[in-house]
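Accompanying notes for the structure given below.
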Amino acid sequence: SGTAPVLEARALAARYGHVEALHPIDLHVAEGELVAVLGPNGAGKSTLLRAILGLVSNSGTVSLRGTPLPRQNPVAVASRGVVLVPEGRGIFGPMSVAENLELGAYRLRDRAEFARRRERVMTLFPRLKERLTQVAGSMSGGEQQMLAIGRALMAGPQVLLLDEPSLGLAPRVTEEILATLGTLNGEGLSIILVEQKAPLALELANRAYLLSVGRIVATLDPREITSYDELAQHYFA
Ligand code: ATP
(Lines give C-alpha, C1' and ligand atoms only; values in the text may rest on other atoms or scores of the structure.)
Protein backbone atom coordinates (compact mmCIF):
# COMPACT_ATOMS: atom_id res chain seq x y z
CA SER A 1 0.00 0.00 0.00
CA GLY A 2 1.04 3.64 -0.19
CA THR A 3 1.24 4.19 3.56
CA ALA A 4 4.38 5.60 5.14
CA PRO A 5 6.70 3.18 6.93
CA VAL A 6 6.15 2.91 10.69
CA LEU A 7 9.69 4.12 11.20
CA GLU A 8 11.97 5.76 8.71
CA ALA A 9 15.48 7.10 9.22
CA ARG A 10 17.05 9.34 6.60
CA ALA A 11 20.74 10.25 6.63
CA LEU A 12 20.83 9.31 10.29
CA ALA A 13 24.33 9.67 11.71
CA ALA A 14 25.74 9.64 15.22
CA ARG A 15 28.97 10.65 16.87
CA TYR A 16 30.76 10.28 20.15
CA GLY A 17 32.81 13.45 20.40
CA HIS A 18 34.83 13.62 17.19
CA VAL A 19 34.23 9.99 16.29
CA GLU A 20 31.43 9.36 13.79
CA ALA A 21 30.29 5.91 14.97
CA LEU A 22 27.34 5.86 12.55
CA HIS A 23 27.78 7.32 9.08
CA PRO A 24 24.63 8.67 7.41
CA ILE A 25 22.30 5.74 6.88
CA ASP A 26 18.79 5.24 5.51
CA LEU A 27 16.61 2.61 7.11
CA HIS A 28 12.94 1.83 7.38
CA VAL A 29 10.54 -0.53 9.08
CA ALA A 30 7.28 -1.21 7.29
CA GLU A 31 4.05 -1.82 9.19
CA GLY A 32 4.26 -5.21 10.91
CA GLU A 33 7.81 -5.89 9.80
CA LEU A 34 10.52 -7.48 11.90
CA VAL A 35 13.82 -6.06 10.74
CA ALA A 36 17.10 -7.54 11.93
CA VAL A 37 20.25 -5.45 12.27
CA LEU A 38 23.33 -7.64 12.13
CA GLY A 39 27.03 -7.04 12.24
CA PRO A 40 30.22 -7.68 14.20
CA ASN A 41 31.14 -6.14 17.53
CA GLY A 42 31.64 -2.41 17.24
CA ALA A 43 29.78 -2.14 13.92
CA GLY A 44 27.50 0.50 15.41
CA LYS A 45 24.34 -1.53 16.03
CA SER A 46 23.71 -0.16 19.52
CA THR A 47 24.62 3.29 18.29
CA LEU A 48 22.00 3.00 15.55
CA LEU A 49 19.28 2.23 18.10
CA ARG A 50 20.53 5.00 20.38
CA ALA A 51 20.52 7.44 17.46
CA ILE A 52 16.89 6.58 16.64
CA LEU A 53 15.96 7.42 20.24
CA GLY A 54 18.15 10.53 20.33
CA LEU A 55 20.28 9.07 23.11
CA VAL A 56 23.46 10.04 21.26
CA SER A 57 24.41 13.18 19.42
CA ASN A 58 22.89 12.65 15.99
CA SER A 59 21.99 14.25 12.70
CA GLY A 60 19.47 13.39 10.02
CA THR A 61 15.78 12.66 10.53
CA VAL A 62 13.72 9.87 12.03
CA SER A 63 10.00 9.79 11.28
CA LEU A 64 7.19 7.80 12.81
CA ARG A 65 4.43 7.19 10.27
CA GLY A 66 5.63 10.18 8.29
CA THR A 67 5.89 12.60 11.22
CA PRO A 68 9.41 13.62 12.29
CA LEU A 69 10.30 12.58 15.84
CA PRO A 70 11.56 15.13 18.39
CA ARG A 71 15.33 15.59 18.22
CA GLN A 72 17.70 14.67 21.07
CA ASN A 73 14.77 13.99 23.34
CA PRO A 74 14.59 10.28 24.19
CA VAL A 75 11.69 10.69 26.62
CA ALA A 76 9.55 12.43 24.00
CA VAL A 77 10.50 9.83 21.40
CA ALA A 78 9.56 6.98 23.74
CA SER A 79 6.25 8.65 24.55
CA ARG A 80 5.49 8.67 20.82
CA GLY A 81 5.80 4.88 20.89
CA VAL A 82 9.40 4.21 19.84
CA VAL A 83 10.45 2.01 22.75
CA LEU A 84 13.91 0.57 23.35
CA VAL A 85 14.81 -2.57 25.28
CA PRO A 86 18.45 -1.66 25.88
CA GLU A 87 21.47 -3.92 25.94
CA GLY A 88 21.85 -5.08 29.53
CA ARG A 89 18.07 -4.73 29.97
CA GLY A 90 18.03 -1.60 32.12
CA ILE A 91 15.55 -2.88 34.65
CA PHE A 92 15.47 -1.57 38.21
CA GLY A 93 17.05 -4.34 40.27
CA PRO A 94 15.93 -3.28 43.77
CA MET A 95 12.31 -2.86 42.67
CA SER A 96 9.73 -5.61 42.29
CA VAL A 97 8.64 -7.10 38.99
CA ALA A 98 5.25 -5.41 39.35
CA GLU A 99 6.86 -2.02 40.02
CA ASN A 100 9.14 -2.38 37.01
CA LEU A 101 6.11 -3.11 34.83
CA GLU A 102 4.27 -0.11 36.24
CA LEU A 103 7.22 2.12 35.37
CA GLY A 104 6.88 1.09 31.74
CA ALA A 105 3.39 2.60 31.74
CA TYR A 106 4.07 5.56 34.04
CA ARG A 107 2.47 8.00 31.60
CA LEU A 108 -0.70 5.96 31.16
CA ARG A 109 -3.76 7.33 32.97
CA ASP A 110 -6.27 4.83 31.59
CA ARG A 111 -6.56 2.11 34.27
CA ALA A 112 -8.44 -0.29 32.03
CA GLU A 113 -5.76 0.01 29.36
CA PHE A 114 -3.09 -0.48 32.03
CA ALA A 115 -4.78 -3.69 33.20
CA ARG A 116 -5.18 -4.90 29.63
CA ARG A 117 -1.48 -4.39 28.86
CA ARG A 118 -0.42 -6.04 32.10
CA GLU A 119 -2.61 -9.04 31.42
CA ARG A 120 -1.07 -9.30 27.96
CA VAL A 121 2.44 -9.32 29.47
CA MET A 122 1.40 -11.98 32.01
CA THR A 123 0.07 -14.14 29.18
CA LEU A 124 3.24 -13.72 27.12
CA PHE A 125 5.52 -14.33 30.10
CA PRO A 126 3.77 -16.54 32.69
CA ARG A 127 7.01 -16.65 34.66
CA LEU A 128 6.67 -12.95 35.42
CA LYS A 129 3.18 -13.55 36.74
CA GLU A 130 4.57 -16.02 39.28
CA ARG A 131 7.15 -13.46 40.40
CA LEU A 132 5.28 -10.15 40.57
CA THR A 133 6.42 -9.39 44.12
CA GLN A 134 9.96 -10.65 43.63
CA VAL A 135 12.83 -8.17 43.56
CA ALA A 136 13.76 -7.88 39.88
CA GLY A 137 17.51 -8.08 40.47
CA SER A 138 17.19 -11.50 42.07
CA MET A 139 15.71 -13.10 38.96
CA SER A 140 17.64 -15.09 36.37
CA GLY A 141 19.04 -13.34 33.32
CA GLY A 142 16.30 -14.76 31.13
CA GLU A 143 13.57 -13.64 33.51
CA GLN A 144 15.11 -10.18 33.64
CA GLN A 145 15.10 -10.02 29.84
CA MET A 146 11.43 -11.03 29.86
CA LEU A 147 10.79 -8.24 32.34
CA ALA A 148 12.64 -5.73 30.18
CA ILE A 149 10.49 -6.69 27.20
CA GLY A 150 7.37 -6.72 29.35
CA ARG A 151 8.12 -3.26 30.64
CA ALA A 152 8.62 -2.00 27.08
CA LEU A 153 5.25 -3.51 26.10
CA MET A 154 3.61 -1.69 29.01
CA ALA A 155 4.58 1.54 27.23
CA GLY A 156 2.36 0.57 24.29
CA PRO A 157 5.03 0.60 21.57
CA GLN A 158 4.32 1.49 17.94
CA VAL A 159 7.72 0.03 17.19
CA LEU A 160 9.86 -2.03 19.53
CA LEU A 161 13.67 -1.77 19.38
CA LEU A 162 15.66 -4.57 20.98
CA ASP A 163 19.41 -4.51 21.60
CA GLU A 164 20.77 -8.06 21.81
CA PRO A 165 18.02 -9.64 23.90
CA SER A 166 19.90 -12.98 23.88
CA LEU A 167 23.05 -11.56 25.48
CA GLY A 168 24.35 -13.93 28.16
CA LEU A 169 21.34 -16.22 28.00
CA ALA A 170 21.24 -20.00 27.63
CA PRO A 171 20.15 -21.28 24.19
CA ARG A 172 16.78 -22.51 25.49
CA VAL A 173 15.92 -19.19 27.08
CA THR A 174 17.10 -17.35 23.98
CA GLU A 175 14.78 -19.48 21.83
CA GLU A 176 11.89 -18.81 24.19
CA ILE A 177 12.41 -15.07 24.10
CA LEU A 178 12.89 -14.91 20.34
CA ALA A 179 9.76 -17.05 19.89
CA THR A 180 7.83 -14.49 21.93
CA LEU A 181 9.14 -11.72 19.68
CA GLY A 182 7.86 -13.77 16.76
CA THR A 183 4.46 -13.99 18.42
CA LEU A 184 4.34 -10.23 18.99
CA ASN A 185 5.38 -9.57 15.41
CA GLY A 186 2.77 -12.06 14.22
CA GLU A 187 0.18 -9.92 15.99
CA GLY A 188 1.34 -6.94 13.99
CA LEU A 189 3.98 -5.28 16.18
CA SER A 190 6.79 -3.68 14.18
CA ILE A 191 10.22 -4.61 15.52
CA ILE A 192 13.89 -3.78 15.04
CA LEU A 193 16.04 -6.58 16.42
CA VAL A 194 19.76 -6.12 16.95
CA GLU A 195 21.22 -9.55 17.51
CA GLN A 196 24.65 -11.17 17.60
CA LYS A 197 23.08 -14.58 17.07
CA ALA A 198 22.41 -13.83 13.42
CA PRO A 199 21.03 -17.22 12.31
CA LEU A 200 18.33 -17.04 14.99
CA ALA A 201 17.44 -13.46 14.11
CA LEU A 202 17.25 -14.36 10.42
CA GLU A 203 14.70 -17.09 11.17
CA LEU A 204 12.35 -14.38 12.45
CA ALA A 205 13.20 -11.42 10.27
CA ASN A 206 11.37 -10.17 7.18
CA ARG A 207 14.43 -8.16 6.24
CA ALA A 208 17.97 -7.70 7.49
CA TYR A 209 20.42 -4.85 7.41
CA LEU A 210 24.11 -5.67 7.64
CA LEU A 211 26.12 -3.04 9.46
CA SER A 212 29.89 -2.78 9.29
CA VAL A 213 32.07 0.00 10.66
CA GLY A 214 29.10 2.35 11.01
CA ARG A 215 27.70 1.78 7.51
CA ILE A 216 24.88 -0.32 6.09
CA VAL A 217 26.72 -2.59 3.68
CA ALA A 218 23.73 -4.69 2.61
CA THR A 219 19.97 -5.07 2.91
CA LEU A 220 18.94 -8.69 2.61
CA ASP A 221 15.96 -10.94 2.27
CA PRO A 222 16.53 -13.69 4.88
CA ARG A 223 14.97 -16.28 2.58
CA GLU A 224 17.82 -15.76 0.15
CA ILE A 225 20.53 -16.30 2.74
CA THR A 226 21.89 -19.82 2.75
CA SER A 227 24.93 -19.26 4.95
CA TYR A 228 25.39 -16.37 7.35
CA ASP A 229 29.05 -17.35 7.75
CA GLU A 230 29.64 -16.82 4.05
CA LEU A 231 27.89 -13.46 4.21
CA ALA A 232 29.97 -12.44 7.19
CA GLN A 233 33.17 -13.43 5.38
CA HIS A 234 32.10 -11.44 2.34
CA TYR A 235 30.98 -8.28 4.12
CA PHE A 236 32.92 -8.14 7.36
CA ALA A 237 36.31 -9.54 6.35
P1 ATP B 1 28.53 -4.48 20.23
O2 ATP B 1 27.87 -5.64 19.63
O3 ATP B 1 29.95 -4.77 20.69
O4 ATP B 1 27.72 -3.74 21.26
P5 ATP B 1 27.78 -2.50 18.30
O6 ATP B 1 27.68 -2.91 16.88
O7 ATP B 1 26.53 -2.34 19.06
O8 ATP B 1 28.78 -3.46 19.03
P9 ATP B 1 28.38 0.14 19.15
O10 ATP B 1 28.29 -0.20 20.59
O11 ATP B 1 27.29 0.90 18.54
O12 ATP B 1 28.62 -1.16 18.29
O13 ATP B 1 29.75 0.91 18.90
C14 ATP B 1 30.09 1.50 17.66
C15 ATP B 1 31.41 2.27 17.81
O16 ATP B 1 31.22 3.39 18.66
C17 ATP B 1 32.54 1.47 18.43
O18 ATP B 1 33.73 1.80 17.78
C19 ATP B 1 32.53 1.91 19.87
O20 ATP B 1 33.81 1.79 20.43
C21 ATP B 1 32.11 3.34 19.76
N22 ATP B 1 31.38 3.77 20.98
C23 ATP B 1 30.27 3.22 21.51
N24 ATP B 1 29.86 3.86 22.60
C25 ATP B 1 30.74 4.88 22.78
C26 ATP B 1 30.88 5.92 23.75
N27 ATP B 1 29.99 6.07 24.76
N28 ATP B 1 31.91 6.77 23.61
C29 ATP B 1 32.80 6.65 22.61
N30 ATP B 1 32.73 5.70 21.67
C31 ATP B 1 31.73 4.82 21.75
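The values are calculated or read from the model by the stated rules, or taken from the named source; none is laboratory data. Note that this is a predicted model, so its numbers are computed, not measured. FYI the Cβ positions are ideal-geometry reconstructions off the backbone, even for glycines, and counts take in every protein chain you see. Note: areas computed on protein heavy atoms with side chains; ligands, DNA, RNA excluded. Shrake-Rupley method; radii C 1.70, N 1.55, O 1.52, S 1.80 Å.
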Given unit charges at Cβ for Lys, Arg (+) and Asp, Glu (-), the dipole magnitude of region 67-125 about its Cα centre in debye, nearest 20, is 200 debye
For the chain, build the convex hull from the C-alpha positions and give me its volume per residue in Å³. 129 Å³
Project the alpha carbons of region 51-176 onto their principal axes and report the range along each, largest first, in whole Å. 42, 35, 25
Could you check how much of the accessible area of region 128-237 is carbon and sulfur, as a whole percent, using a 1.4 Å probe? 49 percent
Karplus 3J(HN,Hα) series, Hz, for region 108-117 with 6.51 cos²θ - 1.76 cosθ + 1.60 (x for Gly, Pro): 7, 9, 7, 5, 5, 5, 4, 5, 5, 5
Extension reserve of the Phe236-Ala218 stretch, reckoned as 0.36 nm per residue once the Cα distance is removed: 5.4 nm
For the chain, with the dipole built from +1 on Lys and Arg beta-carbon atoms and -1 on Asp and Glu ones, taken about the Cα centre, which of Ala201, Gly32, Ala136 lies farthest toward the positive end? Ala136
Considering only the chain, what is the antiparallel percent among its DSSP beta bridges, to the nearest 5? 55 percent
Accessible area per residue in Å² at 1.4 Å probe, computed on region 65-121: 57 Å²
Kirkwood hydrodynamic radius (Cα pairs, Å) of region 21-75? 12.3 Å
Relative contact order for region 1-126: what is it in percent, counting Cα pairs under 8 Å that are at least 6 residues apart? 22 percent
Rounded to the nearest 20 debye, what is the charge dipole size of region 4-148 about its Cα centre when +1 sits on each Lys and Arg Cβ and -1 on each Asp and Glu Cβ? 280 debye
Per DSSP H run of at least 4 residues, take -39500 (n - 2.57); add these up for the chain, divide by its residues and hand me the 222 nm value, nearest 500 deg cm²/dmol. -10500 deg cm²/dmol
Vicinal HN-Hα couplings computed from phi for region 187-197 (Karplus, 6.51 cos²θ - 1.76 cosθ + 1.60; Hz; Gly/Pro x): 8, x, 6, 7, 9, 10, 10, 8, 8, 6, 7
The Cα radius of gyration of region 137-237, divided by 2.2 N^0.38 Å with N its residue count, comes to 1.14
Would you mind listing how long region 189-237 runs along its three principal axes, going by Cα atoms, in whole Å with the largest first? 34, 24, 17
Neighbour net charge for Val37 - beta-carbon separation under 11 angstrom, K R +1, D E -1: -1
Calculate, for Leu108 and Arg172, the FRET efficiency according to 1/(1 + (r/R0)^6) with r their C-beta to C-beta distance and R0 35 Å; round to the nearest 0.05. 0.60
Going through region 103-151, which trypsin sites (Lys or Arg not before Pro) have at most 12 other Cβ atoms within 10 Å and a DSSP loop state? Arg107, Arg109
Within region 124-237: Cβ-based charge dipole about Cα centre, in debye rounded to nearest 20 (Lys, Arg +1; Asp, Glu -1): 340 debye
Would you please give the residues with an amide H less than 5 Å from that of Arg207, counting only those at least 5 places away or on a separate chain, with H modeled from the backbone geometry? Leu34, Ala36
